[in-house]
């Protein structure tokens, strides 16, 4: 007797995998917007925008929880295999990565509100430039994941060293400000934490690129060396 349920099951799986990719695109886009708005809030000393970034972090937490539920449903009821299984497993990690990116953005927004009570430090502009660069890398990683583009994923992965090098240069620049003017030590300390968190966003983008490559090819990219001289600094979001 033919298995009449198989076509229906396959269509349902395809539909739910499509919904999962849409959810990943949404949470990734939200995380990207958070980085953009946190940078603008810092540059424009806009407490209201910073507060919005902090508030939206809860929405991204909720979105991540919903994606985890979707993936559990798919694993339990659809039993995906091969390419489909790799997509589901990769989506779990990607959603967690985007949630972490949003945490870093919220942390930057919190610190920017403190910075707004102090005289502006010139290095803020350099930190914002790094945020814009990392945001572009994150956008490319999101696009690669959603479109299943292994070649673009490799391009994102290869740019990680560039961001590490720029961050390390920025780290030294901020330390110089602190040594030259002790009155700026407090503000520069906040900037150091923000810059480190931004560099970690770049790392998460690279992780998502690695997930994409695995999802598409079934193979792992080799480990990448870190060019960041401050890798041992604590950077956990304060959420």
| What residue among 91, 51, 38 has the largest mean-square fluctuation in a Gaussian network model of the chain, using Cα springs under 10 Å? | 51
| request: Using only Cα atoms, tell me the angle between helix 185-217 and the longest principal axis of the chain; keep it within 0 to 90° and round to the nearest 10. | output: 20
| If you rank 100, 56, 129 by fewest surrounding Cβ atoms within 10 Å, what's the result? | 129, 56, 100
| said: Over the chain, with a Gaussian network built from C-alpha contacts below 10 Å, which listed residue (179, 215, 63) shows the highest mean-square fluctuation? | reply: 179
| query | Does anyone have the angle between helix 82-115 and the longest principal axis of the chain? Alpha-carbon axes, 0 to 90°, nearest 10? | reply | 20
| said: Quick check for you: which residues of the stretch 120-141 have the amide N under 18 Å from the point 7 Å beyond the Cα of residue 172 toward its beta carbon? | reply: 123, 126-127, 130
| query | Assuming a viscosity of 0.890 mPa s and a temperature of 25 °C, what translational diffusion coefficient in µm² per second does Stokes-Einstein assign to the stretch 9-217, Rh being the Kirkwood radius over Cα pairs? | reply | 138
| said: Cut-off 10 angstrom, C-alpha nodes, Gaussian network model of the chain. Which of 111, 172, 136 fluctuates the most? | reply: 172
| message | Quick check: residue separation of residue 12 and residue 132 times 0.36 nm, minus the Cα distance between them. What number comes out in nm? | response | 39.3 nm
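Return 177, 104 ranked ascending by Cβ neighbour count within 10 Å, so the fewest neighbours appear first. Walk me through the numbers on the way to the answer.
On the way: 177 16, 104 27.
If I rank by nearby Cβ atoms, fewest first, I get 177, 104.
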| task | Compute the semi-axes of the equivalent ellipsoid of the stretch 81-178, taking the square root of 5 times each eigenvalue of the Cα gyration tensor, and list them largest first in whole Å. | result | 33, 17, 9
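Give, in nm to one decimal, the length gained when the segment between residue 158 and residue 19 is fully stretched (0.36 nm per residue of separation minus the Cα-Cα distance). Can you show the working numbers first?
Values: separation 139, 0.36 × 139 = 50.04 nm, distance 2.96 nm.
Length gained, residue 158 through residue 19: 47.1 nm.
Here, each number is a calculation from the coordinates, and none is a lab measurement. Since this is a predicted model, take the numbers as computed values, not measurements. For neighbour counting, all protein chains shown are included, and Cβ atoms are generated from backbone atoms with ideal geometry for every residue, glycine included.
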